[in-house]
Structures are given as structure tokens and as C-alpha cells.
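Visitor: Dropping a structure here in C-alpha cells format, bear with me for questions.
The values are calculated or read from the model by the stated rules, or taken from the named source; none is laboratory data. On a predicted model such as this, the values are computed, not experimentally measured, just so you know. FYI the Cβ positions are ideal-geometry reconstructions off the backbone, even for glycines, and counts take in every protein chain you see.
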Ligand code: SF4
């Protein structure tokens, strides 16, 4: 049930990452651009209100209005004075990105197609599971890392999302479930930064957004319910513990460097040993003990799903505090990979469990709306031209069809 999205021109909002902070500077200097308050952390909001000569508590009031009560204008803010509301309307705004389409799967999964500036559409997916509701959030328009099993990678790359565009995905999803109302249901209970893009390549905006997700005056999610997933940008991972204490997942997908170099090309720069060391340092820097790194391993038929791969993985992770999440590969256009068989998945899981690892298999959800893991593609105005190259290579590799 894939829908084709035709992006419209949006030159008025054609801004690069960091627009909110830049706009804040303009407001400070008395310029006319409006600051989008949606993406500002509490500290940045306090700084913004200070420029208006307003005390700190105003920032807290407005933060709650936006992220707990879903306000998108200042008029509704009944505990803010009329004169301040008028002043805010002149210099600020609350502008979420636009929802182009909402797709609901038969299994309860909900996908949002979200238009962001620069003629792009990103995807956000909500996956309900009992009393848990997980939102998979995008951090970039496309991705520059080009993992071979990932639909996003095949789309090329356009730009980083701003903090407003990242936290805006949470705002949009929570609002769609009536969560942002007084005593609204807690439908979005978990957030994973596993959508389009590599979160650590958009470090500041992702950190600001995750901290808003966990802030008591915003969404108030526990640090155990917000997870950043990285394919291994080691220098940024080494900085992460100074800025957040969210959970960590590593997109591993291979038990040795030779295979991982093929599947996750950034491995050529930051090989597995370096990545696991950095991830362990992150976990060890957390004040709470017993934290585990989630290892994500996509199982691709005949590529990385053999019993010897499972045995090798078990040895590799012996001294790292991990739990393992196996993800059956989800096919998409432009990929010749096949999903591992149920038998291979079961065998792989058994080997890891016998070796003592907590090992789960991710259930495929939202298949009918192309919302399954690894299938998110959106509509990327690719500045790298990589998407064209992938398409040409894929078409060349197809067997010739004999007609007649
Ligand atoms: S798996 Fe993640 S890092 Fe790799 S191409 Fe896809 S979005 Fe980028």
C-alpha cells in the first residue's frame, strides 16, 4: 500500500539545520524573523525569554503548553499575560512540520509522512505493543552512510533535520492520539531514534530533542524508554555521555569486520572493536548499573544468517554487556537481499541463547504500509546523486526478461 508523495516547493522555509538557533539570534538582535519555539530546549527557551526581559518561569509555562498540552499558538496560553502573548506572537511561533499523510496498518502501526523544508518528506512510525507504544523517529533527510540493507540509505541524503523537525515528530504523533491534553492517554511510551538517518551525525539537534523527550516539563519519558541507535560514529559516541543518559543501541549486523565492511560501510573507518569499546565506555559512564547495550542484527538470507555467524557473534560479544535484537530483513525495491528463513532465524536465536544472551526476534509490523524496520524511505531531494547510481546499478543487475 505504498503511496507516492509528490513534494511541493517550500522555498519560504528552505532553511538548513540550526535554523532555530540562528533565528533566535535574529530575534535577539531585534530582527523580524520569528523564532520557532517548538525545538528549543528549556535552557534555550529561558535564554529566549531573557531577551524579552521575562523571568525563567515563563519558559517553563510555555514549554508545558507546547509539549504537554499541544499548543501551536500563544492565544491558548491562559496563564500567560495578554501583553506577553501579543509580544510572543510578533517575534515567535510554534511551527510543527506538516503531515502530508497518515497511514494506518491493519496491525495498529501508524506511519506519518512529514514534509520538511527543501522539498523533502521524512517518515515516522508508531508501533503499539500491549501497553507500550514505540515511536520510531527520523533524524536526517535520507542518510549519507549507505548501509547495503537499508531503504533510507538508497535514497541518498539531503540535510540534517532541525530540532523542531525531530521533536515535532513526537509532538505530531502524541497529538494524533489525544495525548497532549489534560489527563490525555500515555500512548507514546517509548521513543527510538531509529528512523531515517544516522542520529550521531546530527548530534546537537538529536541531543536537544532527546532531552526534551525525557524532560519532566515536556514529555517526561524515562531514560530507559528513549533509545539512540547508531551504526557507529565513534567520535560522536565518545562525546554522548556528557550530554544525555538515554539508552544505546548499536546497528551491528555482522560478527566480523570483513562482512560488516560490506553491510555497514562506516565500519571501514570505525571497525567493530573500536565501536564496542566506545559503546561500553558510554554504558559505564551512566550512573545506574545493569545497563545493557542493545545489539541490532538484521538477518539476511545466506549473507549473515548462518550458524557460524551466530557462534562468531557469541564470541565477539562475550565481554560486552548486551542484549540482542534479531531483525528479519524486510525487502524493499532496489534490494536483492532476501529475508532469512524462519528456520534460520530460530537456529540463530537458539545459538545465542545457549551462549547466555538475552535474544529477542523483532516481529515485523506495518508491512502493509511499508513501515517495517529498514523500509523507511520518504522522499529525499538527494544532493549526493547516490540514489540515481543505486537505481542504475540495480536495473543493470536485473536478469533480462524474455518476452513471448
Ligand atoms: S541503517 Fe541507519 S545509518 Fe545505515 S543507511 Fe540506514 S539510516 Fe543510515
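Visitor: For the range 245-263: of the residues being assigned to a loop (DSSP other than H, G, I, E, B) and surrounded by fewer than 20 Cβ atoms within 10 Å (Cβ to Cβ), which is nearest to the ligand (Cβ to nearest atom)?
Guide: Going through the range 245-263, the residues assigned to a loop (DSSP other than H, G, I, E, B) turn out to be 245-246, 252-256.
Then drop every residue that is not surrounded by fewer than 20 Cβ atoms within 10 Å (Cβ to Cβ), which leaves 245, 256.
Details: 245: 22, 256: 18 Å.
Checked the range 245-263; the qualifying residue nearest to the ligand (Cβ to nearest atom) is 256.
Visitor: So residue 368 fits all but one of (1) surrounded by 18 or more Cβ atoms within 10 Å (Cβ to Cβ); (2) in a helix (DSSP H, G or I); (3) modelled with pLDDT under 95; what number is the exception?
Guide: Tallying (1) surrounded by 18 or more Cβ atoms within 10 Å (Cβ to Cβ); (2) in a helix (DSSP H, G or I); (3) modelled with pLDDT under 95, residue 368 fails exactly one: (1).
Visitor: Ok, one more. Please go through the range 291-309 and give me each residue that is in contact (Cβ under 8 Å) with a residue 12 or more places away in the chain, more than 16 Å from the ligand (Cβ to nearest atom) and over 24 Å from the mean Cα position of the chain (by Cα), ordered by number.
Guide: Of the range 291-309, the ones in contact (Cβ under 8 Å) with a residue 12 or more places away in the chain are 291-307, 309.
Remaining after also requiring more than 16 Å from the ligand (Cβ to nearest atom): 291-293, 301-302, 305-307, 309.
If the condition is that a residue be in contact (Cβ under 8 Å) with a residue 12 or more places away in the chain, more than 16 Å from the ligand (Cβ to nearest atom) and over 24 Å from the mean Cα position of the chain (by Cα), then 301, 302, 305, 306, 307, 309 are the ones that fit.
Visitor: Given the conditions (1) under 24 Å from residue 337 (Cβ atoms); (2) more than 16 Å from the chain's Cα centre (by Cα), which single one is not true for residue 217?
Guide: (1)
Visitor: Take the range 173-212 and flag every residue that is touching a helix residue (DSSP H, G or I) at 6+ places or on another chain (Cβ under 6 Å) and in a helix (DSSP H, G or I).
Guide: Selection gives 199, 200, 203, 205, 206, 208, 209, 212.
Visitor: Please go through the range 200-242 and give me each residue that is at positive phi, crowded, with 24+ Cβ neighbours inside 10 Å and more than 16 Å from the ligand (Cβ to nearest atom), ordered by number. Please lay out each step first, then the result.
Guide: Within the range 200-242, the subset at positive phi is 220, 232.
Subsequent filtering for residues that are crowded, with 24+ Cβ neighbours inside 10 Å retains 232.
Listed by number, the list is empty, since nothing qualifies.
Visitor: Being crowded, with 18+ Cβ neighbours inside 10 Å, in contact (Cβ under 8 Å) with a residue 24 or more places away in the chain, under 27 Å from the mean Cα position of the chain (by Cα) and closer than 20 Å to residue 150 by Cβ is true for just one of 330, 336. Which residue is that? Talk me through it step by step, then tell me what you get.
Guide: Values: 336 fails: crowded, with 18+ Cβ neighbours inside 10 Å.
None of the others qualify; the one that does is 330.
Visitor: Hey, another quick one. Hey, among the residues in the range 157-190 that are farther than 16 Å from residue 96 by Cβ and within 16 Å of the ligand (Cβ to nearest atom), which one's surrounded by the fewest Cβ atoms within 10 Å (Cβ to Cβ)?
Guide: 159
Visitor: Now for a separate question. Can you name every residue in the range 253-278 that is closer than 26 Å to residue 205 by Cβ and touching a residue at least 60 places away in the same chain (Cβ under 8 Å)?
Guide: If the condition is that a residue be closer than 26 Å to residue 205 by Cβ and touching a residue at least 60 places away in the same chain (Cβ under 8 Å), then 253, 264, 265, 266 are the ones that fit.
Visitor: Can you tell me which residue in the range 264-281 is nearest to the ligand (Cβ to nearest atom), limited to those that are in contact with a strand residue (DSSP E or B) (Cβ under 8 Å, 6 or more places away or on another chain) and part of a helix (DSSP H, G or I)? Spell out the reasoning first.
Guide: Here is the first cut: in the range 264-281, the residues in contact with a strand residue (DSSP E or B) (Cβ under 8 Å, 6 or more places away or on another chain) are 264, 275-276, 279-280.
If we keep only those that are part of a helix (DSSP H, G or I) as well, we get 275-276, 279-280.
Values: 275: 13, 276: 17, 279: 15, 280: 20 Å.
Among them, the one singled out is 275.
Quick grid of which residues meet (1) closer than 20 Å to residue 212 by Cα; (2) out of contact with any strand residue (DSSP E or B) (no Cβ under 6 Å at 6 or more places or on another chain); (3) assigned to a helix (DSSP H, G or I); (4) at pLDDT 95 or above:
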{"position": "22", "(1), (2), (3), (4)": "yes, yes, yes, no"}
{"position": "25", "(1), (2), (3), (4)": "no, yes, yes, no"}
{"position": "30", "(1), (2), (3), (4)": "no, yes, no, no"}
{"position": "45", "(1), (2), (3), (4)": "yes, yes, yes, yes"}
{"position": "53", "(1), (2), (3), (4)": "no, yes, no, yes"}
{"position": "85", "(1), (2), (3), (4)": "no, yes, yes, yes"}
{"position": "90", "(1), (2), (3), (4)": "no, yes, yes, yes"}
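Visitor: Oh, and also: Is it true that residue 116 is touching a strand residue (DSSP E or B) at 6+ places or on another chain (Cβ under 7 Å) and at pLDDT 95 or above? Quick ask: steps written out before the conclusion?
Guide: Values: touching a strand residue (DSSP E or B) at 6+ places or on another chain (Cβ under 7 Å): yes; at pLDDT 95 or above: no.
Criteria not met by residue 116.
Visitor: Let me ask another. Could you grab me the full set of residues in the range 107-156 that are more than 15 Å from the ligand (Cβ to nearest atom), buried (at least 22 other Cβ atoms within 10 Å of the Cβ) and under 12 Å from the mean Cα position of the chain (by Cα)?
Guide: 126, 135 - these are the residues of the range 107-156 that are more than 15 Å from the ligand (Cβ to nearest atom), buried (at least 22 other Cβ atoms within 10 Å of the Cβ) and under 12 Å from the mean Cα position of the chain (by Cα).
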